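All of the numbers you see were taken from the coordinates with simple rules; none came from a lab. As the structure is a computational prediction, the values presented were derived from the model and not from experiment. FYI the Cβ positions are ideal-geometry reconstructions off the backbone, even for glycines, and counts take in every protein chain you see.
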Amino acid sequence: MLLKLMIVDDHAIVRSGLSRLLESQSQFQVIETLDSAEALLVKCKTQVPDLVITDLSMPGMGGIELVKRLLLKWPKLKVVIFSIYQNPYLVNRVIELGAKGYISKSSETQVILDGLKAIIRGDVFISSDINMQTELSGSMNKLSAREFDIFKCISEGLGTKQASEKLFLSEKTIANNISIIKRKLNISCSTEMVHIALAEGLFIAEES
């Protein structure tokens, strides 16, 4: 059976390279390559693929939020993250949200193909160059999934209102959770969240 794929990455060279690789395999058909999560969501309204391969860090909506929205609307859709980031917390986060795989951009060609084939068979695939045994600091492990999402927004410079709009939560909920996060991390101001995010390798800046 021919598997229909869409690729989402803000770098044209990644889109074209990955597309050529997959089109060289008889079981894959790349039906669309897009440069943003927003463009993918619009496209999926008229054509839903079998599998989406998406970057984690992109201008505008990021990969984590995209996974949430895709699987809320199309729960049977297979979503795979293709990213330079190898932090195990991020891997676990997207898998918890329902992504079927996380492949590092540093992976060999055969690893990418083998990973996608495993996902097609129904497996969850994480490329072997990601060290899932690495643990975050004890304080970070205390954060719930919601608290982590809010922590990430604040550490990236979003205000309470912006975070509430991005996460679809009330400003009061955001503010209350920020207080809880500060207490759990033993910090006094939001600026310290940036330093913690950098230290943990969780700060997802736009890739150059």
**Request:** Could you pull out every residue, at least 5 positions away or on a different chain, whose amide H is within less than 5 Å of the one on GLY159? Hs are placed 1.01 Å off N in the peptide plane, and Pro or chain starts have none.
**Result:** none
**Asked** Most exposed first by the Cβ proxy, i.e. fewest other Cβ within 10 Å, how do MET6, MET1 rank?
**Response** MET1, MET6
**Asked** Near LYS142, which lysines are there with a Cα under 20 Å away, not counting those fewer than 8 places off in the same chain?
**Response** LYS152, LYS182, LYS184
**Item:** Point-charge dipole on Cβ atoms (K/R +1, D/E -1) for the chain, about Cα centre, debye to 20
**Value:** 740 debye
**Prompt:** Contour minus end-to-end for VAL111 and LYS76, with contour as 0.36 nm per residue of separation and end-to-end as the Cα-Cα distance?
**Reply:** 10.2 nm
**Request:** Using the number of other C-beta atoms within 10 angstrom as an exposure proxy, rank GLU156, GLU171 with the fewest first.
**Result:** GLU171, GLU156
**Message:** Looking at the calculated P(r) for region 1-115, what percent of the C-alpha pair distances fall above 24 Å?
**Reply:** 16 percent
**Request:** Grab the beta carbon distance between THR46 and ARG69, set R0 = 25 Å, and tell me the FRET efficiency rounded to 0.05.
**Result:** 0.95
**Asked** Which listed residue (LEU72, ALA99, SER179) has the Cα farthest towards the positive end of the charge dipole for the chain, taking +1 on Lys and Arg C-beta and -1 on Asp and Glu C-beta about the Cα centre?
**Response** LEU72
**Request:** Using amide H atoms built 1.01 Å from N in the peptide plane, name the residues 5+ places from THR33, or on other chains, whose amide H lies under 5 Å from its own.
**Result:** ILE7
**Request:** Mind listing the long-range amide H neighbours of LEU3? Cut-off is under 5 Å, sequence gap 5 or more, other chains count too, H placed in the peptide plane at 1.01 Å from N.
**Result:** PHE28, GLN29
**Message:** To make sure I understand, if each residue's beta carbon is the centre and we count other beta carbons within 10 Å, what order do ASP149, ASP50 fall in, fewest to most?
**Reply:** ASP50, ASP149
